[in-house]
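The values are calculated or read from the model by the stated rules, or taken from the named source; none is laboratory data. Predicted model, so just to flag it, every value in this text is computed and none were measured. Backbone-built Cβ (ideal geometry, glycine too); neighbour counts: all protein chains shown. The area values use the complete protein model at the heavy-atom level, side chains included, leaving out ligands, DNA and RNA. Shrake-Rupley method; radii C 1.70, N 1.55, O 1.52, S 1.80 Å.
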Amino acid sequence: QVQLVESGGGVVQAGGSLRLSCAASGRTFSIYTMGWFRQAPGKEREFVAAISWGGNRTSYADSVKGRFTISRDNAKNTVSLQMNSLKPEDTAVYYCAAREGRIQTIPQRYMYWGQGTQVTVSS
């Protein structure tokens, strides 16, 4: 069992930056692939970024490539999402998720989820 708690959400103007963090507790964090997903009102949950257990592989949605960076610190049991050049369409609840195995972009492939943190980008 893994417990995930996100933090760092808030309100920011378009073009600004935010850094989301996800703290994990429970089973050994370093064995899990970690992902960030987001869900806007009335829309399905969508993949944002993911990082392999060792941190050597990452994957990004096309919509955030070049603007967002995912990273992890296995010593601190944390995964972060640095979000730059934010756009109003990035507004959503952002979720941290964990799975055993390789990177996947489908939410249903992730076993553990945090409660989410709201990100609002004003124009």
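The residue list 41, 88 contains one member that is at pLDDT below 95 and more than 13 Å from the chain's Cα centre (by Cα), which is 41. Residue 69 - would you say it is of a type outside the set (A, V, I, L, M, F, W, C), surrounded by 15 or more Cβ atoms within 10 Å (Cβ to Cβ) and within 11 Å of the chain's Cα centre (by Cα)? So residue 69 passes the test. Residue 53 meets the conditions (1) modelled with pLDDT of 95 or more; (2) open to solvent by 40 Å² or more (accessible area, probe 1.4 Å) in every case but one. The failed one is (1).
Scanning region 8-19 turns up no residue that is under 20 Å from residue 110 (Cβ atoms) and surrounded by fewer than 16 Cβ atoms within 10 Å (Cβ to Cβ).
Return the residue satisfying two criteria in turn: it lies in region 22-44 and is aliphatic (A, V, I, L, M) and part of a strand (DSSP E or B), and of such residues it is surrounded by the most Cβ atoms within 10 Å (Cβ to Cβ). Filtering region 22-44 for residues that are aliphatic (A, V, I, L, M) and part of a strand (DSSP E or B), the one surrounded by the most Cβ atoms within 10 Å (Cβ to Cβ) comes out as 34. Cβ-Cβ contacts under 6 Å between residues 6 or more apart (or on different chains), taken from a first residue in region 44-67 that is closer than 17 Å to residue 20 by Cβ and of a type in the set (Phe, Trp, Tyr) to a second residue that is at pLDDT 95 or above and assigned to a strand (DSSP E or B), are listed as 47/37; 60/49.
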